[in-house]
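The values are calculated or read from the model by the stated rules, or taken from the named source; none is laboratory data. Just so you know, these numbers come straight off a predicted model, no measurement behind them. Cβ: placed from backbone, ideal geometry, glycine included. Neighbour counts: every protein chain shown. Please note that ligands, DNA and RNA were not included when accessible areas were found on the heavy atoms of the full protein model with its side chains. Shrake-Rupley method; radii C 1.70, N 1.55, O 1.52, S 1.80 Å.
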Amino acid sequence: MESFSYTKVPDVRAAIAAGQRGGRYIAGGTTLVDLMRETVERPGALVDITRLPLTGISPTPGGGLRIGALVRMADAAADPRVRSAFPVVSEALELSASAQLRNMATIGGNIMQRTRCAYFRDVTANCNKREPGSGCAALDGYNRGHAILGGSPACVATHPSDAAVAFAALEAIVHLQGPVGERTIPFADFHLPPGSTPDREQALRPGELITAVELPALPRLSRSGYLKVRDRQSYEFALTSAAVALQIQGGVIRAAKVAAGGVGTVPWKLPAVERHLLGKRPSDALWAEAAQRAADGARPLAHNGFKVELLKRTVERQLRVVGGTR
């Protein structure tokens, strides 16, 4: 039995003060509680933030949406404004976890969730995320579900979130509040690649609290969607996934936003795919050509080489669907 303190804070200021003292924020608890049960995480203090006024979804002046950090995944997915303007987000949320978990888990917690790597969750295995300097058992172990993009000699664990892939594609903005005030950070900079410090996963400062995720407005007449490939169709993490948003005007692709999941150590933006699409007319040949660039820089391991081709096919398929040529 691991002992810990529990505090339910009444406001953001109290939460940040408790966080600055080393407390771990908890809301839905769908990830942290599991990790505590397995003794992977052993926080000395939990700070319950469920009372904080961070549960709203509101329009931004530029035509985007601001989703509060404590909005439940199910509520965000069902919101008519999200479904209408950002189908890629609602689809990614609905393909996440199970209905029961989506009713509990929050947007802020979802992008903070930790890897599902079996070696990370097995306290008898070497894992640099869990115990820095101990090694990475996945490198020479069974690594079928691990990353082919963004890995390092210290870690090859994938990021598990589906919603984060959609946020990465849309170039979302994370709103933070901490001891020195408020700040924003581009979503692409929020998650940190493992490098030599895989135990540091987000660009958060001590005590900082996620208050919202902002979705910038998409260009007019844009279409978007999310495709997830997994071993089974329910309650399973992605082998590969693709979040795609396209603006096609006058028969030409004017804007393209593409990201992949299940293959990277962080939600993986695909700028080479985006660049190849811009200014061209949609066609099956174009989707195939662009998708070939999805795995640029891939470094497959002993058991996950299949992900290279699977990623290309996943991206190509979703480009066809969103681009209207399927």
Scan the stretch 103-112 for residues that are crowded, with 22+ Cβ neighbours inside 10 Å and touching a Leu at 6+ places or on another chain (Cβ under 9 Å) and report the count.
-> 5
Is it the case that Val82 is more than 30 Å from Arg42 (Cβ to Cβ) and either within 16 Å of the chain's Cα centre (by Cα) or not in a loop (DSSP other than H, G, I, E, B) (or both)?
-> yes
Any idea which of (1) in contact with a helix residue (DSSP H, G or I) (Cβ under 6 Å, 6 or more places away or on another chain); (2) in a loop (DSSP other than H, G, I, E, B) is the one Val88 doesn't satisfy?
-> (2)
Residues that are touching a helix residue (DSSP H, G or I) at 6+ places or on another chain (Cβ under 7 Å) and assigned to a helix (DSSP H, G or I), drawn from the stretch 289-312 = Glu289, Ala290, Ala291, Lys312
Can you name the number of the only condition in (1) open to solvent by 70 Å² or more (accessible area, probe 1.4 Å); (2) of a type in the set (Gly, Ala, Ser); (3) on the phi > 0 side of the Ramachandran plot that Ser234 fails?
-> (3)
Could you tell me which numbered condition Thr240 fails, if it satisfies all but one of (1) out of contact with any strand residue (DSSP E or B) (no Cβ under 6 Å at 6 or more places or on another chain); (2) under 27 Å from Gly145 (Cβ atoms)?
-> (1)
So Thr39 fits all but one of (1) in contact (Cβ under 8 Å) with a residue 60 or more places away in the chain; (2) surrounded by 14 or more Cβ atoms within 10 Å (Cβ to Cβ); (3) farther than 25 Å from Ala163 by Cα; what number is the exception?
-> (2)
Of all residues in the stretch 277-315, which are closer than 25 Å to Ala85 by Cα, hydrophobic (A, V, I, L, M, F, W, C) and either open to solvent by 50 Å² or more (accessible area, probe 1.4 Å) or not assigned by the TED database to the domain that holds Lys257 (or both)?
-> Leu278
Restricting the stretch 177-194 to residues that are within 19 Å of the chain's Cα centre (by Cα) and surrounded by 14 or more Cβ atoms within 10 Å (Cβ to Cβ), the one farthest from Arg24 (Cα to Cα) turns out to be Ala188
Please go through the stretch 20-36 and pick out each residue that is assigned to a loop (DSSP other than H, G, I, E, B) and either surrounded by fewer than 16 Cβ atoms within 10 Å (Cβ to Cβ) or touching a residue at least 40 places away in the same chain (Cβ under 8 Å) (or both).
-> Arg21, Gly22, Ala27, Gly28, Gly29, Thr30, Thr31
Collect the residues in the stretch 237-256 that are open to solvent by 40 Å² or more (accessible area, probe 1.4 Å) and over 21 Å from Lys307 (Cβ atoms), keeping them in residue-number order.
-> Gln249, Gly250, Arg254
Looking only at the stretch 254-278, which residues are in a strand (DSSP E or B) and in contact (Cβ under 8 Å) with a residue 60 or more places away in the chain?
-> Lys257, Val258, Ala259, Ala260, Gly261, Gly264, Trp268, Lys269
Hey, could you check the stretch 258-276 for residues that are in contact with a helix residue (DSSP H, G or I) (Cβ under 7 Å, 6 or more places away or on another chain) and surrounded by fewer than 24 Cβ atoms within 10 Å (Cβ to Cβ) and say which is farthest from Pro186 (Cα to Cα)?
-> His276
Pick from Leu170, Leu139: which is open to solvent by 10 Å² or more (accessible area, probe 1.4 Å) and among the aliphatic types (A, V, I, L, M)?
-> Leu139
How about the stretch 55-72: which of its residues are touching a residue at least 40 places away in the same chain (Cβ under 8 Å), open to solvent by 20 Å² or more (accessible area, probe 1.4 Å) and not hydroxyl-bearing (Ser, Thr, Tyr)?
-> Gly62, Gly63, Arg66, Arg72
Condition test on Leu70, is it part of a loop (DSSP other than H, G, I, E, B) and either farther than 25 Å from Ala168 by Cβ or acidic (Asp, Glu) (or both)?
-> no
The listed residue being in a loop (DSSP other than H, G, I, E, B), of a type in the set (A, V, I, L, M, F, W, C) and open to solvent by 30 Å² or more (accessible area, probe 1.4 Å), out of Ala97, Ala17 | Ala97
Index of the failed condition, Gln318 passing every other in (1) touching a helix residue (DSSP H, G or I) at 6+ places or on another chain (Cβ under 8 Å); (2) open to solvent by less than 40 Å² (accessible area, probe 1.4 Å); (3) under 22 Å from Ala166 (Cβ atoms); (4) assigned to a helix (DSSP H, G or I) = (1)
